[in-house]
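The values are calculated or read from the model by the stated rules, or taken from the named source; none is laboratory data. Please read all numbers here as calculations on a predicted model, not as lab measurements. Cβ sites come from the backbone with ideal geometry, for glycine too, and all protein chains shown count toward neighbours. Ligands, DNA and RNA are stripped out before the accessible areas are found, and what is left, the full protein with its side chains, is counted by its heavy atoms. Shrake-Rupley method; radii C 1.70, N 1.55, O 1.52, S 1.80 Å.
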Amino acid sequence: MTWKMLVFFALNLYSHEAKPFSWRKQNNFGTASNWLNKRQPCPGDHIHIDSLNEVATAIDINLDVAKILFPDTGVMFFGKGVAIGADKQESCPERADADEYPSPEVYFEDDEFLSVFDPASWASVEPRDLHMNQIPSQKDDVTIDGNWATQMMVEDTWYLRSLNIAGRVEEGKRLKN
């Protein structure tokens with residue numbers, strides 16, 4: 001490699017422009033992929049939130065279920081205007097597997113905390129090829145939407161240009177584990 005190529009790469013690294021990143025995970029009841037076999041609860045069902053981890057989730061849909069079994073530890077957020085047991089649940093998603101799973105038992109599946117240093121945890125507008133560009137760094141802006149519960153693992157000190165959580169912006173943010 002010639003010295004010209006080294007200077008070119010060094011300048012490109014130094015001139016890194018701020019990029020927007022958004023956290024991907026949505027731990028809410030309204031997301032079908034959060035339920036075992038993608039079976040969202042229907043009226044009369046029994047919801048199980050069995051977890052070995054602490055759970056952080058948002059109940060963002062109206063529910064008219066017979067029973068909710070909560071985990072031992074965790075935090076449950078209720079969306080604005082959410083009603084439980086008030087006969088206000090929207091129509092139940094059609095279950096293609098009703099013959100296979102006739103039981104009223106439905107299971108919420110929480111994932112383990114995702115790492116902020118895992119590229120799969122982030123959504124960005126632009127494609128990013130290099131690992132160093134796939135996770136937010138000190139010159140990047142991070143947005144975590146306030147419409148759902150968020151669990152994230154910060155395993156080391158993490159510097160950001162800005163952190164926007166539910167519309168509240170912190171500039172020059174340093175997060176420590």
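Overview of values
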| quantity | calculated |
| --- | --- |
| Packing-based ranking, highest mean first, of 134-141, 160-167 given that Cβ atoms within 10 Å are counted | 134-141, 160-167 |
| Solvent-accessible ranking of F78, F21, largest area first, probe 1.4 Å | F78, F21 |
